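Have a look at the structure below before the remarks.
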Amino acid sequence: MDYLEISGNKRLSGAIEISGAKNAALPVIAATILSTRPLTLANLPNVVDIQTLLKLLDMLGSQVEHKGTHARIDNGTMRSTRAVYEIVSQMRASILVLGPLLTRFGECEVSLPGGCAIGQRPIDLHLKALEAMGAKIEIKGGYVRAEAPGGLHGAKIIFDKITVGGTENVLMAAAMAHGKTEIINAAREPEIVQLCTMLSVAGVEVEGVGTGTITVYGTGGRTLEWREPIEIIPDRIEAGTYLCAGAITHSELTLERVNIEHIQAMIDKLESMGCRFTIGKGRITIHAPETLRPVNIITAEYPGFPTDMQAQFMAVATLAEGESLIEERLFENRFMHVSELNRLGADIWLKGNTAAVKGVESLYGADVMATDLRASSALVLAALAAEGTTRVRRIYHLDRGYDNLEGKLEKLGAHIIRKRE
């Protein structure tokens, strides 16, 4: 098993390019199921989750050619509608094939995705919405079995709570449904906007893009067609992570190929900690101060502060001058990195869903273990600022969501090496 060995307490400098967003690419790949014609996707990140979903399409009978940041997908040869446990168990986002398979073929079987390290993310909202659209659903033998022989029909979907995956599944199902589907309390993330834009390019009428109410007028069973490649938007979480790398090491870094609007919540918090920014078209430079101020954070759905950046900001807060408070409102088990940061010398106390982070003068290298994707990046950030050597284990989590993390950090001057046990 691989691990990262990091010699910290060094300034970083230079510029890197931000890769395509994993969380935008996954629903875009799933949406290709709605077409029988070949489609090229560009700016795909080189991460394990993308490879896993492309492998699932291949197992369903599609022809997939994946090279570098591009993939050509032809779902005209797709014959199977059974997404097996062996693939779905590797990645929860595989459940995104449920909506497009059902609306195109009228039936499908998709393995239940199971639990999640950061907390429960049940798919009951997905299933309830599809049932409202006319699907007959049963759960048997660990699989969701869904049927809609006459096709899905439009419906008014009111989500009890905002769900990104649920919004994406319903959007794709509604694209080929009969009539109008209205989604109330829809997610507003940039990844949702990209999916809506993709459907619009194929001729699906979509209203309310980027708002909490999205209306989709389905094609009545007609498959979709894209004539131009779809380019994946920049990864806002990757961008935020590297901004935090600049802050925690008191460095000046430049990020290129970034959407500033998507990372505004992170910019605001870093500015409150004393960082300054130079912003241009598609690029941003962080100028970090010698002394960081403490910060108060409450995670929320977009455009609020993203839960996927909570761990990274906690790492930065460990070296701030004063006490920071971080409240996690979206997932009940997303503080597993706290004990590992404390192993590096941090002073963090938990009470319920709030972490109190008392800034310390220095962090010190140690062996630590990653528990999930974003916790992994928080440990890497802390290691960059720590005195001595840190070994971050279980980095397969990082490989799921960060494209060439150690390569990019090494380009910025970090002393970071991937080794094998």
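Table for the structure above
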quantity: Within the range 152-265, helices (runs of 4 or more DSSP H) holding 3 or more residues that are within 30 Å of Ala288 (Cα to Cα) and at pLDDT 95 or above; calculated: 236-248
quantity: Pick from the range 278-322, criterion part of a helix (DSSP H, G or I) and small (Gly, Ala, Ser), ranking: modelled with the lowest pLDDT; calculated: Ala311
quantity: Criterion (modelled with pLDDT of 90 or more, buried (at least 21 other Cβ atoms within 10 Å of the Cβ), part of a strand (DSSP E or B) and not hydroxyl-bearing (Ser, Thr, Tyr)) met by exactly one of Val110, Val97; calculated: Val110
quantity: Close pairs (8 angstrom Cβ cut-off, 6 or more residues apart or separate chains): within 13 Å of Ala93 (Cβ to Cβ) in the range 156-177, assigned to a loop (DSSP other than H, G, I, E, B) and of a type in the set (Lys, Arg) anywhere; calculated: Gly165/Arg121
quantity: Of residues in the range 41-55 being over 17 Å from the mean Cα position of the chain (by Cα) and surrounded by fewer than 22 Cβ atoms within 10 Å (Cβ to Cβ), the one farthest from Leu101 (Cα to Cα); calculated: Ala42
quantity: The range 357-372: number of residues that are crowded, with 22+ Cβ neighbours inside 10 Å and either free of Cβ contacts under 8 Å to residues at least 40 places away in the same chain or part of a helix (DSSP H, G or I) (or both); calculated: 2
quantity: Residue pairs meeting the criteria (Cβ under 7 Å; at least 6 apart or on separate chains; first over 18 Å from Ser324 (Cβ atoms), in the range 276-294; second among the β-branched types (Val, Ile, Thr) and in a loop (DSSP other than H, G, I, E, B)); calculated: Gly282/Val258; Arg283/Val258; Ile284/Val258
quantity: Failed condition for Glu340, given (1) surrounded by 19 or more Cβ atoms within 10 Å (Cβ to Cβ); (2) more than 28 Å from Arg92 (Cβ to Cβ); (3) of a type in the set (D, E, K, R); calculated: (2)
quantity: Exclusive hit being closer than 28 Å to Val258 by Cα, out of contact with any Leu (no Cβ under 9 Å at 6 or more places or on another chain) and at pLDDT 95 or above, set Leu56, Leu41; calculated: Leu41
quantity: Number of positions in the range 378-401 that are among the hydroxyl-bearing types (Ser, Thr, Tyr) and more than 11 Å from Leu4 (Cβ to Cβ); calculated: 1
quantity: Positions within the range 287-313 being surrounded by fewer than 22 Cβ atoms within 10 Å (Cβ to Cβ) and in contact with a Leu (Cβ under 7 Å, 6 or more places away or on another chain), in sequence order; calculated: Asn296, Thr299, Thr307
quantity: Some residue of the range 5-28 being at pLDDT below 95, surrounded by fewer than 20 Cβ atoms within 10 Å (Cβ to Cβ) and of a type outside the set (Val, Ile, Thr); calculated: no
quantity: Set Leu341, Leu363: member being touching a strand residue (DSSP E or B) at 6+ places or on another chain (Cβ under 9 Å) and within 22 Å of Arg400 (Cα to Cα); calculated: Leu341
quantity: Hits in the range 373-394 (condition: under 23 Å from the mean Cα position of the chain (by Cα), crowded, with 24+ Cβ neighbours inside 10 Å and either part of a loop (DSSP other than H, G, I, E, B) or free of Cβ contacts under 8 Å to residues at least 40 places away in the same chain (or both)); calculated: Ser376
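The values are calculated or read from the model by the stated rules, or taken from the named source; none is laboratory data. Since this is a predicted model, take the numbers as computed values, not measurements. Ideal geometry is used to build each Cβ from the backbone, glycine not excepted, and the neighbour counts take in all protein chains shown.
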